[in-house]
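The values are calculated or read from the model by the stated rules, or taken from the named source; none is laboratory data. Because the structure is a prediction, the values reported are computed rather than measured. Heads up, the Cβs are rebuilt from the backbone with ideal geometry, glycines too, and the neighbour counts pull from every protein chain shown. Note: areas computed on protein heavy atoms with side chains; ligands, DNA, RNA excluded. Shrake-Rupley method; radii C 1.70, N 1.55, O 1.52, S 1.80 Å.
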Amino acid sequence: MAHDPNQTPDPLAEIEAALVDLGRAFDAAHDDNDLRQVTARYLGKEGTVTALTRRIAELPGPARKPFGQKLNEAKAAVERARGEAELRLKTEARARDLGQPAVDITLPGRRPARGRVHPIMRVLHEVIDVFAGLGFDVAEGPEVDLAVNNFDRLGFPPDHPAMDMHDSFFLPSGDPGQKVLLRTHTSTVQVREMLSHPPPIQVICPGAVFRRDDDVTHSPMFFQLEGLLVDERVTLAELRGVLDAFLVRLFGSSIRTRFRASYFPFVEPGAELDVSCLICGGHDAGCRVCKGTGWLEVLGCGMVHPVVFEQVGYDPERYTGFAFGMGIDRLAMLRYGVTDIRYLYDNDPRFLASL
Ligand code: PHE
């Protein structure tokens, strides 16, 4: 039956009219917020469908039931349209995500720890390079040696007080007449070189040495490098020249050096050599490294004692020579500003990586 606009409007047609735009309204929704607003337009407190439910009271009794049913259908239609729009939005969002470049969910790779040359070995190699450049060959010898090579042939008389400088690690020996020990200096190698080669000789002897010492500047095992040059007419001035050239190459041309008279049984005269402080250059009375003296002791040296030549069968009338010896650990401490020698041997990777 056609509806007459002049009569009371057909309430069922009004419900249908309220839903004409339903599909379009939800199609226009782009996100959850839109969905909420569109739904509210129909079912919210002020929504069109909600407003129609209030009309039920005005209707004559028999019209109420079909009207109520139609209203319920309308509500269901709104919910369905909302559900469909929600699904559409989700599908669209997923398609957008899949179009994005893939996210890399793997852990970043871990770089393997980098090995580095130990600071003592770095300095040792530098020192060897410098002396190699000055014409020295490298000679090596055993860490366990006879006491005669460590003391007697170097002019230490038995029970000489100088032996106190070398508080040694003696080892059990098969022969009671032959004392054996961990060498206390690499001068043993110089003795061995002279015993096995005629002059001229020009060698450096790097290696580990052992003394009963353990404090901030002494380790019971440490590294030395000694040098020996023997020929006719070798002079103290040449010793000084070689050592100055070495120290300038190692520490730079701004350093100064000085000899201080000292005593070692196997040299005469003997000296210790100091360099001007690498930290303050000798200009800071409060310097912690040189303790305000301006100088750092770096090595012992001297002219080979004729007694040593006699011991190894060299003619002391014909040959002269010089010898020097230094602690590589000490040079490494100076070079890297390390205050306790034991840090160099603890081998904590954090400390080593900081040098
Ligand atoms: N051998 C000495 C030491 O161990 C160092 C040194 C070598 C001194 C050569 C003088 C000459 O202390």
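Tabulated data for the structure shown
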| quantity | calculated |
| --- | --- |
| Residues of the stretch 338-355 with amide N under 13 Å of a point placed 7 Å along Cα→Cβ from Glu297 | none |
| Order by protection proxy (mean Cβ within 10 Å, highest first), peptides 327-336, 290-299 | 327-336, 290-299 |
| Number of Lys pairs (Cα under 26 Å; 8 or more positions apart or on different chains) in the chain | 5 |
| Cβ crowding within 10 Å averaged over residues, with 339-350, 79-90 ranked highest first | 79-90, 339-350 |
| Cβ-isolated cysteines (cut-off 4.7 Å), the chain | Cys205, Cys301 |
| Hydrodynamic radius by Kirkwood, which averages 1/r over all alpha carbon pairs of the stretch 11-99, in angstrom | 14.1 |
| Cleavage-rule hits (GluC sites (Glu not before Pro)) in the stretch 168-277: DSSP loop, at most 13 neighbouring Cβ within 10 angstrom | Glu232 |
| Estimated vicinal HN-Hα couplings, Hz - the stretch 63-75 in sequence order (Karplus 6.51, -1.76, 1.60; Gly, Pro = x) | 7, 5, 5, x, 4, x, 4, 5, 4, 4, 4, 5, 4 |
| GNM flexibility winner over the chain from Asp244, Asp315, Asp159 (Cα, springs under 10 Å) | Asp159 |
| Label point 7 Å beyond Cα of Asp231 along Cβ direction - residues of the stretch 128-145 with amide nitrogen under 17 Å | 131-138 |
| FRET efficiency, Arg114 to Tyr345 (Cβ-Cβ, R0 25 Å, nearest 0.05) | 0.75 |
| Amide H contacts of Ser219 (H built 1.01 Å from N, under 5 Å, at least 5 apart or other chain) | none |
| Shape category assigned to the stretch 198-326 from the gyration tensor of Cα positions, a/c cut at 1.5 | prolate |
| Virtual paramagnetic centre 7 Å along Cα→Cβ of Ala95, amide N under 20 Å, in the stretch 28-47 | 28-35 |
| More than 29 angstrom apart: percent of Cα pairs within the chain | 61 |
| Carbon + sulfur, % of accessible area of the stretch 11-99 - ligands and nucleic acids excluded, 1.4 Å | 54 |
| Heavy-atom accessible surface of the stretch 263-337: percent carbon and sulfur, 1.4 Å | 50 |
| Built amide H within the under 5 Å cut-off of Arg256, gap 5+ | Ser276 |
| Shape category assigned to the stretch 168-243 from the gyration tensor of Cα positions, a/c cut at 1.5 | oblate |
| Gyration tensor (Cα) of the stretch 93-149, equivalent ellipsoid semi-axes in angstrom | 61, 16, 7 |
